Each structure stands twice: as C-alpha cells, then as structure tokens.
1. Which of the pairs Lys45/Lys150; Lys85/Lys150; Lys36/Lys136; Lys85/Lys136 have their Cα atoms more than 19 Å apart in this structure?
2. Taking the 0 to 90 degree range and rounding to the nearest ten, how far is the long axis of helix 13-22 tilted relative to the main principal axis of the chain, both from C-alpha atoms?
3. What order do Val66, Val93 take when sorted by accessible area (1.4 Å probe), most exposed first?
4. Hey, what do the phi angles of region 156-168 turn into as Karplus ³J(HN,Hα) couplings, whole Hz, using 6.51/-1.76/1.60 and θ = phi - 60°, x for Gly and Pro?
5. Using 1/(1 + (r/R0)^6) with R0 = 30 angstrom and r between the beta carbons of Asp134 and Ala103, what's the FRET efficiency to the nearest 0.05?
6. So what are the ³J(HN,Hα) numbers for region 43-54, from phi and the Karplus equation (6.51, -1.76, 1.60; θ = phi - 60°), rounded to whole Hz, Gly and Pro as x?
7. Excluding ligands, DNA and RNA, what is the solvent-accessible area per residue of the chain at a probe of 1.4 Å, expressed in Å²?
8. Given a 10 angstrom Cα cut-off, can you work out which residue in Gln23, Gln155, Gln63 is the most mobile in a GNM of the chain?
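The values are calculated or read from the model by the stated rules, or taken from the named source; none is laboratory data. Quantities reported herein were computed from a predicted structural model and do not represent experimental measurements. Counting neighbours? That spans all protein chains shown, and the Cβs are built from the backbone with ideal geometry, glycine included. Please note that ligands, DNA and RNA were not included when accessible areas were found on the heavy atoms of the full protein model with its side chains. Shrake-Rupley method; radii C 1.70, N 1.55, O 1.52, S 1.80 Å.
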Amino acid sequence: MTLGALWTQSPTSTTIEDEATAQVGKLLFPDFNESKNVASLKITKYDEKLGTMSEFEVARDSQTGVWILPSHDSYPADAEDQISKSSNSLIGVKILQLASSLADDKSKYGVLEPSVDQTKVGSSGVGDLIRMFDAKGNRLAELVIGDKVKGSETQRYVRIPTMDQIYVAEL
C-alpha cells in the first residue's frame with residue numbers, strides 16, 4: 001500500500017520547478033510564428049492609482065477584412081501596422097530564466113492577471129494581459145506582462161495566465 005500511495009502522489013514542487021527550469025531557453029509561444037494569423041488583439045490593463053480596469057480590443061472584420069474597434073460600434077481602425085508590431089513582439093520570444101514557480105509570488109513580480117471579477121480597488125501587482133486570437137477564435141498567444149527586471153529596460157517578468165511559473169523574457 002505504501003508503494004501505491006507514493007506512486008499516486010502528485011508531483012512535488014521540486015519536479016514542477018525542474019520542469020519550469022527546463023523551459024529556459026525555449027520559445028514562450030512555439031506555435032505562434034505568423035503575425036498574419038492574428039485576427040484580434042485584446043489588451044486588459046488595471047490602473048492601481050485609480051482602481052480601474054480598461055480593455056482595448058481591435059479585430060479584423062470577417063466580412064470586409066478591415067480592422068475595427070468592436071467596443072465602439074465596429075468603428076474602422078487603422079491598425080494593420082500596430083497589430084503586426086504587437087504580434088511580432090511576441091513571436092520568437094525566449095524564456096531567459098525562471099523567476100519563481102510559486103503562485104504567491106505573482107503580486108511580487110507584477111504578474112497578477114487583471115480580471116473584472118477578481119481585481120479589486122487597492123489591488124497591487126497586477127500586470128497587463130495581452131491576448132491574440134486567430135479568425136476562428138483560437139488563442140495564438142496570451143501573456144501577463146509584469147514589472148521590469150531591475151537593471152534592464154527590455155526584460156520583463158511574464159506569466160502565461162494558466163500557469164504559476166513566472167519567467168523573465170526580453171520584450
């Protein structure tokens with residue numbers, strides 16, 4: 001019975017940390033390699049000083065192919081260059097190092113996910129959430145961008161929303 005109990009135990013934090021460390025040097029989004037596949041971009045930000053959440057969305061109209069602002073009655077947007085630059089900024093991004101595997105460290109590194117349901121006035125350590133989708137609504141990339149790494153203007157703490165691991169990446 002003892003062997004059975006040991007066999008069915010969940011992975012230890014050491015194993016999780018080893019798996020997270022093994023990601024260092026790998027691409028953050030290995031399957032996302034074409035900016036032309038992006039059909040919509042959503043950015044969610046939380047203003048800690050004002051305690052307010054804002055969301056910006058731009059999408060390619062499936063009928064006309066024109067970029068629009070869905071939240072503003074589908075107002076046309078001149079977004080081709082901006083979408084290309086935004087999506088290219090996440091293509092080929094490598095994980096430079098593991099900052100933490102602890103869920104409790106999300107606030108410390110500024111990578112808490114902004115959420116209307118969970119982010120309250122006075123919350124701190126909330127990052128910016130960037131989401132990119134293809135024309136079918138499939139997620140191409142989703143990332144919480146947190147604080148700058150001390151001593152670097154281009155490195156940030158980042159986290160994929162479905163994971164606890166916090167990495168350092170150059171953006």
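1. Working: Lys45/Lys150 22 Å; Lys85/Lys150 25 Å; Lys36/Lys136 14 Å; Lys85/Lys136 21 Å.
Over 19 Å apart, Cα to Cα: Lys45/Lys150; Lys85/Lys150; Lys85/Lys136.
2. It works out to around 50 degrees.
3. Working: Val66 70, Val93 10 Å².
The most accessible residue leads, giving Val66, Val93.
4. The phi angles translate into 10, 7, 9, 8, 7, x, 7, 10, 8, 5, 10, 10, 10 Hz.
5. Values: r = 29 Å, r/R0 = 0.98.
With a Förster radius of 30 Å, E is 0.55.
6. Once θ is set to phi - 60°, the couplings for region 43-54 become 10, 10, 10, 10, 8, 5, 5, 8, x, 10, 10, 10 Hz.
7. Numbers: 10790 Å² over 171 residues.
Result: 63 Å² of accessible area for each residue.
8. Highest fluctuation among the options: Gln63.
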